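Any read-out appearing in this document is the output of simple, stated calculations on the displayed coordinates, not a laboratory observation. Everything quoted here is computed from the prediction, not taken from an experiment. No Cβ is skipped: glycine too gets one built from the backbone with ideal geometry, and neighbour counts run over all protein chains shown.
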Amino acid sequence: MDDKIAYPGLARPIGWRHSRGLLFGEMLLFAILSLVASFFLSISAIDIARDPNVVLGCSINEVIDCVKVGATWQAQVLGFPNAYLGLIAEPVVMTIAVAALAGTRFPRWFMFTANAVYLLGVIFAYWLLFQSTFVIGALCPWCILVTLATTLVFSSMTHWNILEGNLYLPQRAQSRALAFVRDGYLEIVVIVWIAALVAFMLVKWWPQLVG
């Protein structure tokens, strides 16, 4: 459904920042990065299952140690390695992005569902990062890449769905959301969020990294 039909009188922002090519191109790029990270995490999970004392290339020191993280229950919440979820989800996102870049226009319900499901994935990624930081006491570089990549995929997907009126917001909320993305505040929030996350990680782990 066209956003002008769903929200009569609301003007859609225009410009390269709001273009199909940029937003779905970003989704494709970051979904690929997340898929690559999930692939290597899957291989690591197999290696750890074979030998819990294995030494992998992503185990650099006491802080950056994917084996320490991968050997915990948090690494397989559903009974299998969490990375398998990425191997399933990211190809779906990549397919959506490629199809959209080719001109496919998905129904509102489909894009809304994709946004909602991917939000659950982002929440799960940050829960794992919280567990890694405050419970396990070690970081997995591939996990961090997944967290950052899923954040950026979600941002681009949400940006597009706001532009297209796919989130079923009340008209007043849709108007404010359009203004939010039109004025660049969504990008600012994402940049500040990632910068704050990196700064926090440096403050949290720097003494152990240099100690």
For this session: May I ask for the net charge around Leu139, where only other residues with Cβ less than 11 Å from the Cβ of Leu139 are counted and Lys, Arg are +1 while Asp, Glu are -1?
Result: 0
Exercise. How much net charge surrounds Ala149 when only the other residues with a Cβ under 15 Å from the Cβ of Ala149 are counted, with Lys and Arg +1 and Asp and Glu -1?
Worked result: -2
For this session: For the stretch 158-169, take each phi angle, set θ = phi - 60°, evaluate the Karplus expression 6.51 cos²θ - 1.76 cosθ + 1.60, and give the result in whole Hz per residue in order, putting x for glycine and proline.
Result: 5, 4, 4, 5, 5, 4, 8, x, 8, 9, 6, 7
For this session: Please state, as a whole number in µm²/s, the translational diffusion coefficient that the Stokes-Einstein equation yields for the stretch 1-123 at 20 °C and 1.002 mPa s, with Rh defined as the Kirkwood radius across alpha carbon pairs.
Result: 126
Seminar exercise, completed: Which residues qualify? For Ile64, with a placed amide H closer than 5 Å and at least 5 residues away or on another chain, they are Leu139
For this session: Let me have the relative contact order for the chain, percent, based on Cα pairs under 8 Å that are six or more residues apart.
Result: 33
Exercise. Tell me, what HN-Hα J-couplings in whole Hz come from the Karplus equation 6.51 cos²θ - 1.76 cosθ + 1.60 at θ = phi - 60° for each residue of the stretch 46-62, using x for Gly and Pro?
Worked result: 5, 4, 5, 5, 6, 8, x, 9, 4, 10, 10, x, 8, 9, 9, 7, 5
For this session: For the stretch 54-146, state the semi-axes of the equivalent ellipsoid (square roots of 5 times the eigenvalues of the alpha-carbon gyration tensor), sorted largest first and rounded to whole angstrom.
Result: 32, 14, 11
For this session: On each of the three principal axes of the Cα atoms of the chain, give max minus min coordinate, whole Å, ordered largest first.
Result: 62, 32, 26
Problem set entry | Under 15 Å, Cβ to Cβ, from Phe30 - net charge with Lys/Arg +1 and Asp/Glu -1 | -3
Exercise. Say R0 is 22 Å: what FRET efficiency, to the nearest 0.05, do Ser19 and Arg176 get from their beta-carbon distance?
Worked result: 0.50
